1. Please pick out the residue among E76, E124 that is at pLDDT below 90 and within 23 Å of Q216 (Cα to Cα).
2. Considering each of R170, R180, R204 in turn, give the residue that is under 20 Å from A88 (Cα atoms) and not aliphatic (A, V, I, L, M).
3. Restricting to the range 53-71, and then to whatever is closer than 23 Å to R130 by Cα and acidic (D, E), can you tell me which residue is modelled with the highest pLDDT?
4. Any residue at all in the range 144-156 that is assigned to a helix (DSSP H, G or I), crowded, with 19+ Cβ neighbours inside 10 Å, at pLDDT 80 or above and among the hydrophobic types (A, V, I, L, M, F, W, C)?
5. (1) modelled with pLDDT of 85 or more; (2) more than 14 Å from the chain's Cα centre (by Cα); (3) of a type outside the set (G, A, S): which one isn't true of V132, the others all being true?
6. Being buried (at least 18 other Cβ atoms within 10 Å of the Cβ), out of contact with any Phe, Trp or Tyr (no Cβ under 8 Å at 6 or more places or on another chain) and not hydrophobic (A, V, I, L, M, F, W, C) is the filter here, so list the residues in the range 177-211 that pass it.
7. Within the range 34-68, restricting attention to residues that are in contact with a Ser or Thr (Cβ under 9 Å, 6 or more places away or on another chain) and surrounded by fewer than 21 Cβ atoms within 10 Å (Cβ to Cβ), which residue is nearest to A112 (Cα to Cα)?
8. What are the pairs, 6+ residues apart or on separate chains, where a residue within the range 109-126 that is among the hydroxyl-bearing types (S, T, Y) has its Cβ under 8 Å from a residue that is modelled with pLDDT of 85 or more?
Amino acid sequence: MTTGPAPHDPPPPIRVLLAEDEVLLRDSLKVLIDTTPGLTTVGEAGTGAEAVLLAHRLRPDVVLMDVRMPDMDGIEATRRICSDPAGAGVRVLILTTFDQDEYVYASLRAGASGFLVKSATAPELLAAVRVVASGEALLAPTVTRRLIAEFLLRPRPAPARRALDNITRREHEVLALIGRGMSNSEIAGHLHLTVGTVKTHISRLLAKLQARDRAQLVIAAYEGGLVATPPSS
């Protein structure tokens with residue numbers, strides 16, 4: 001008797017740690033994530049310090065991190081989580097009310113992989129968690145534009161410029177477009193490359209610049225002086 005191929009085991013669910021001091025919102029996030037196939041919560045933290053301890057102990061795939069929390073804010077908690085050698089695979093997705101929060105730059109420097117505005121819809125939240133868990137960075141266009149405006153007000157430190165000396169001309173071009181908030185497909189179209197080639201350039205940039213993810217490449221582009229003007233709205 002001929003048998004078909006053995007069925008593949010489903011991939012393990014994406015493990016999410018919730019770091020949010022508002023209990024009602026945290027409970028709502030937990031219900032949403034736990035009722036979504038492929039996602040599960042592994043812990044809840046009401047303060048930044050709790051988030052650091054739980055991230056170290058539980059090693060989640062994604063920490064959904066509020067910025068404004070008691071005891072330790074989300075930026076410092078992100079810095080500690082992302083600098084913990086034991087949690088190299090842990091990604092932090094910042095929850096922000098962006099019009100009020102002025103912490104985007106600091107959060108990226110701390111190691112955050114992206115931002116989710118608290119007014120986002122449930123599908124947007126779930127998509128954001130999956131994007132960050134996959135190793136990509138999530139910078140919504142509205143956040144990127146404001147982030148760029150903030151960078152343009154800051155002095156460009158010389159050490160960051162020198163750090164770009166070992167990248168190729170094409171990598172300079174790709175990095176500049178990343179800094180302008182373009183997706184891989186947009187970069188490919190702009191430079192007349194395949195998406196696969198763009199991904200290769202990005203992988204090399206991550207290695208050469210010792211960047212954790214795409215969000216840190218945005219920082220490198222601006223601190224390296226590769227982008228002079230913000231993208232149009």
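1. Every option except E124 fails the conditions.
2. Being under 20 Å from A88 (Cα atoms) and not aliphatic (A, V, I, L, M) holds for just one of R170, R180, R204, which is R204.
3. Among those residues, the one meeting the criterion is D61.
4. No, the conditions are met nowhere in the range 144-156.
5. Against the list (1) modelled with pLDDT of 85 or more; (2) more than 14 Å from the chain's Cα centre (by Cα); (3) of a type outside the set (G, A, S), V132 comes up short only on (2).
6. The answer is R180, G181, N184, H201.
7. Among residues in the range 34-68 that are in contact with a Ser or Thr (Cβ under 9 Å, 6 or more places away or on another chain) and surrounded by fewer than 21 Cβ atoms within 10 Å (Cβ to Cβ), the one nearest to A112 (Cα to Cα) is R68.
8. Short answer, once both residue conditions are applied: S113/R91; S113/V92; S113/L93; S113/V132.
The values are calculated or read from the model by the stated rules, or taken from the named source; none is laboratory data. Keep in mind the model is a prediction, meaning the values are calculated, not measured. Counting neighbours? That spans all protein chains shown, and the Cβs are built from the backbone with ideal geometry, glycine included.
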